[in-house]
Amino acid sequence: TTTRLADYQPPVYRVEQVTLDVDIHPGQTRVTSELQLQHNPDSDQPAGELVLNGEALVIESLNLDGETLTQDSYHYDGHLLTVRDLPAQCVLTSVVTIEPEKNTALEGLYQSNGMVCTQCEAEGFRRITFFPDRPDVLARFTTTVHADKATYPLLLSNGNPVDWGEEGTRHWVTWDDPFPKPCYLFALVAGDLACLEDSFNTASGRPVALRLYAEHRDLDKLDHAMQSLKNAMRWDEQTYGREYDLDIYMIVAVSHFNMGAMENKGLNIFNTACVLAHPDTTTDAGFQRVESVVAHEYFHNWSGNRVTCRDWFQLSLKEGFTVFRDQSFSADMNSAAVKRVEDVDFLVNHQFPEDQGPMAHPVRPAEYQKIDNFYTLTIYEKGAEIVRMQYNLLGPEAFRRASDRYFEQFDGQAVTCDDFVACMEAESGLDLSQFKRWYSQAGTPVLTVTDEYHEGQYTLHVRQHTPATPGQPDKAPLVIPVKLALLDSNGQAVAMDEQGNRETVVIVDQSEQSFRFAVPEAVTPSLLRGFSAPVVLDYPYTEAQLATLLAHDSDGYCRWNAAQRLYFSALDRLVGDPGQAQSEALALKPVLERVIERAKEDPAQAALLLTLPTEVALGDRHSPLDPRAVHQARRALTGALGQVLEEQWQAQQQAWQRQDFSMEGDAIGGRQMRLLALGYLAAAGSAGVTETVGELFGHPLCMTEELGALRLLVHHGLPGADQALADFAARWQGEALVMDQWFAVQATCPGEDTVSVASALLDHPAFEWTLPNRVRALVGTLVNANPVAFHAADGQGYRFFCEALARLDAINPQVAARLANGAARLRRLEPQRQAMLEKGLQGVQQKASANLSEVLSRILTDR
Ligand code: ARG
Ligand code: ZN
């Protein structure tokens with residue numbers, strides 16, 4: 001069934017108060033809910049009938065205002081409960097039973113390593129009890145949890161604990177949340193957990209207890225999350241004037257989790273991968289992820305919880321804004337230039353393909369079948385870019401006034417993306433009506449730019465075009481802010497106006513436009529600085545111009561983009577003709593030498609500039625996809641660059657070698673540079689590299705080095721790789737998150753043989769279908785990051801994938817549907833591969849869950 005934005009109706013009844021009682025027993029949990037209902041005056045439906053969601057609940061009793069409801073006054077079909085003859089104001093009490101032990105879908109109430117926890121967003125609360133499960137029903141929750149004292153010494157829910165007691169071997173705690181909230185923000189945890197406790201004084205002087213919970217063995221991995229949380233709390237006060245509002249802020253780490261983390265009011269629940277961090281077990285990238293996800297969930301307390309979404313079509317209202325906020329936070333905590341390039345790299349390499357494929361949808365979709373399938377890169381990352389463009393259009397001061405207005409005006413309400421933009425308009429005087437097409441129009445706009453120079457006048461001719469996407473054949477022009485500078489022959493930005501500004505923003509808002517600048521000489525345009533809009537830029541740069549941009553541009557994004565373009569043009573020529581790799585590498589040598597020379601200024605930035613595009617990105621430029629030719633081209637260029645710059649790589653890998661561990665920015669960047677240099681040397685078969693990498697693997701300072709060395713050994717097939725894998729597994733078998741990396745290293749080893757390795761790993765004792773992190777580590781990485789294996793000519797990669805999809809779908813439809821996106825390039829494949837994959841997917845489709853079926857049918861009907 002399809003849900004449509006156009007069909008939105010306000011709720012018929014409001015829920016003023018929910019009193020929940022959750023009685024946890026092995027094999028059966030009893031949930032008693034008392035809903036104080038009130039007819040909604042904003043509804044044009046009369047009081048009388050109420051439809052509540054409830055998924056697979058076993059009813060023990062239903063009671064209206066103290067009277068037991070008989071079978072003829074309600075109807076329950078396993079999904080919806082319809083209750084008739086309700087007064088305008090009443091109390092509906094239900095008693096149902098559920099079985100968290102059997103819940104492998106990880107939605108609603110479920111078990112993870114012996115603890116009981118919840119995931120309610122988007123529509124999980126209906127698997128716990130009957131409720132109008134929609135974000136515009138905001139209720140006050142009081143929750144009592146009862147459980148066995150020994151098994152579950154800790155009983156948590158949202159808000160503050162207000163009462164507790166014991167009943168023999170059992171105990172109970174009552175939690176009260178003073179803030180009305182939609183049920184998707186409900187959370188409950190029962191378990192035997194260790195706690196790291198700290199406190200935070202808010203700007204207005206209120207103390208907040210900070211409690212981070214994890215399994216006892218992981219207590220030593222919570223410090224980084226705690227520091228990140230405190231930084232985020234301070235940052236949100238300083239940057240957005242937003243203070244925390246309860247006396248307690250809790251985070252619980254759970255091993256079984258469908259996504260990254262969840263912002264439940266006062267009680268966040270996190271995938272262990274996004275909260276636990278220790279240098280021995282977590283890579284630098286892992287540390288950065290923890291910092292940003294902790295901040296993201298914290299920021300939701302205002303952008304999401306205090307001000308929430310009217311309906312799920314508005315999901316990006318909270319997600320796009322909150323991603324923008326967490327990106328800004330990480331930029332302030334670390335290197336802003338590096339962070340921006342990392343974010344753009346991610347958007348361009350992951351969201352753009354989504355926007356250009358069968359799953360393309362607007363940031364505010366018009367319809368969906370399962371909202372779970374719309375927790376996408378488009379909603380999150382493109383949504384963040386849309387907020388960023390508004391930030392840049394308004395400037396920091398007006399944007400801050402607009403966000404203040406938004407939080408104040410809509411506090412305690414469920415609102416829309418239009419409401420957000422209206423605040424931006426009100427505080428800036430800008431008319432954003434055309435800008436709002438970014439929310440409703442899917443697809444990546446292509447900006448085609450040409451230029452000319454005549455006697456002191458430089459002209460940019462700009463055309464915009466957004467290709468058709470499923471269901472949206474015709475596109476209107478968007479408002480595209482293009483930040484730009486013009487570089488002279490020395491690579492210096494020239495003055496562009498009388499004030500002497502060396503950078504400007506032009507607004508492209510028609511299909512075709514020209515912009516003129518008075519400049520003294522022909523220039524190289526530095527376009528889309530800071531990635532000022534999420535578009536594909538098509539400008540016929542010469543290689544000399546790209547070399548100038550890479551060497552001299554002051555804008556980090558433009559330098560990175562110049563490097564990418566240089567790599568792509570070399571690689572494009574090598575696809576099908578890898579023998580020319582040496583001469584391509586020699587041509588690149590002088591520009592890359594200059595980048596390497598400057599690596600000491602900012603090693604993380606240098607590592608980004610020196611990293612070749614992935615095989616997936618390269619493959620997307622060649623139609624039909626020829627995964628082997630793409631693989632050979634990239635491999636040949638890596639090896640050739642390793643050779644022609646061997647001395648430089650040697651010098652780098654030595655320069656960044658350290659005796660002591662540090663988490664300083666340069667230490668992290670240095671590790672990236674060193675591993676990158678070793679990768680080029682390994683690809684070139686450079687003498688001594690096996691020993692250096694083996695030494696690093698044997699004596700690492702941290703997991704970044706240990707895992708980096710392992711990856712080099714395995715991916716380059718260096719002697720000792722098998723032994724290293726065995727040693728690593730023996731050493732880390734007790735650390736689930738490290739074992740995920742062990743699986744991922746093997747699944748991403750480029751080569752067709754990897755499919756049989758991965759198939760064998762499905763039978764490894766440490767592999768578990770019920771653990772989403774593990775499935776993603778083994779199956780997800782092969783499908784999404786190892787195209788030469790996934791698209792193996794004999795179809796074994798597709799068989800591996802389709803069998804995994806079917807198997808997983810029976811356990812966890814949400815994660816299966818997410819994994820299915822790996823087939824989104826179906827129609828780009830040559831006929832034989834396409835036929836094999838299509839047949840496999842059709843087979844899976846026959847028994848697919850609603851979640852999986854929506855994704856598969858979009859892929860299969862794509863043309
Ligand atoms: N709101 C969460 C976040 O981005 C994501 C939770 C979505 N979960 C899901 N099963 N769809 O922070
Ligand atoms: Zn979020």
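Observations, loosely collected:
- As a proxy for reagent exposure, 149, 221 were ordered by neighbouring Cβ count within 10 angstrom, fewest first; the result is 149, 221.
- Prolate/oblate/rounded call for segment 714-863, Cα gyration tensor, a/c under 1.5 rounded: oblate
- Net dipole in debye of the chain [+1 Lys, Arg Cβ; -1 Asp, Glu Cβ; about Cα centre; nearest 20]: 1460
- Along its principal axes, segment 652-787 has C-alpha extents of 43, 30, 25 angstrom, given from the largest down.
- Counting Lys and Arg as +1 and Asp and Glu as -1 over every other residue whose Cβ lies under 10 Å from the Cβ of residue 36, the net charge comes to 0.
- Environment charge of residue 370, counting only residues whose C-beta is closer than 12 Å and scoring Lys/Arg +1, Asp/Glu -1: -3
- Ranking 642, 581, 549 by Cα position along the charge dipole of segment 529-671, where only Lys, Arg, Asp and Glu carry charges on their C-beta atoms, puts 581 farthest toward the positive end.
- Taking only the Cα atoms of segment 154-239, the radius of gyration and Dmax are 15.2, 50 Å.
- Using alpha-carbon coordinates, inclination of helix 543-552 to the longest axis of the chain, degrees: 70
- Sorted peptide list for 416-429, 65-78, criterion being average Cβ within 10 angstrom, highest first: 416-429, 65-78
- Rounded, prolate or oblate (a/c below 1.5 giving rounded, otherwise prolate when a/b exceeds b/c) for segment 67-193 by Cα gyration tensor: prolate
- Test item: Cα-centred dipole of segment 403-488, Lys/Arg +1 and Asp/Glu -1 on Cβ, debye: 400
- Placing +1 on the Cβ of every Lys and Arg and -1 on the Cβ of every Asp and Glu, with no other charges, gives segment 32-147 a dipole of roughly 300 debye about its Cα centre.
- Ranked by how many other beta carbons lie within 10 Å on average, peptides 809-815, 776-782 from highest: 776-782, 809-815
- Our helix-only sum for the chain, with -39,500 (n - 2.57) per DSSP H run of n ≥ 4 divided by its residues, gives a mean residue ellipticity at 222 nm of -12000 deg cm²/dmol.
- In degrees, nearest ten, helix 831-846 long axis to first principal axis of the chain (Cα): 10
- For the chain, the fraction of alpha-carbon pairs lying more than 45 Å apart is 28 percent, rounded to a whole number.
- Equivalent ellipsoid semi-axes - Cα gyration tensor, segment 421-494, angstrom: 31, 20, 10
- Spin-label model distance (nm) - residue 217 vs residue 99, 7 Å beyond Cα toward Cβ: 2.8
- Measuring nothing but alpha carbons in segment 1-84 and taking Rh as the Kirkwood radius, the Rg to Rh ratio lands at 0.99.
- Stretch gain in nm, segment residue 36-residue 628, where the contour uses 0.36 nm per residue and the Cα spacing is subtracted: 206.8 nm
- Neighbourhood net charge (14 Å Cβ-Cβ; Lys/Arg +1, Asp/Glu -1) for residue 759: -3
- Under the criterion of Cα pairs below 8 Å and six or more residues apart, the relative contact order for the chain equals 8 percent.
- Rounded if a/c under 1.5, otherwise prolate or oblate - segment 397-534, Cα gyration tensor axes: oblate
- Compactness of segment 582-694 is given as radius of gyration and Dmax, 14.8, 49 Å, from Cα positions.
Bear in mind these aren't lab numbers, they're just calculated from the coordinates by the rules spelled out. In this text the structure is predicted, and so the values were computed from the model without any measurement. Heads up, the Cβs are rebuilt from the backbone with ideal geometry, glycines too, and the neighbour counts pull from every protein chain shown.
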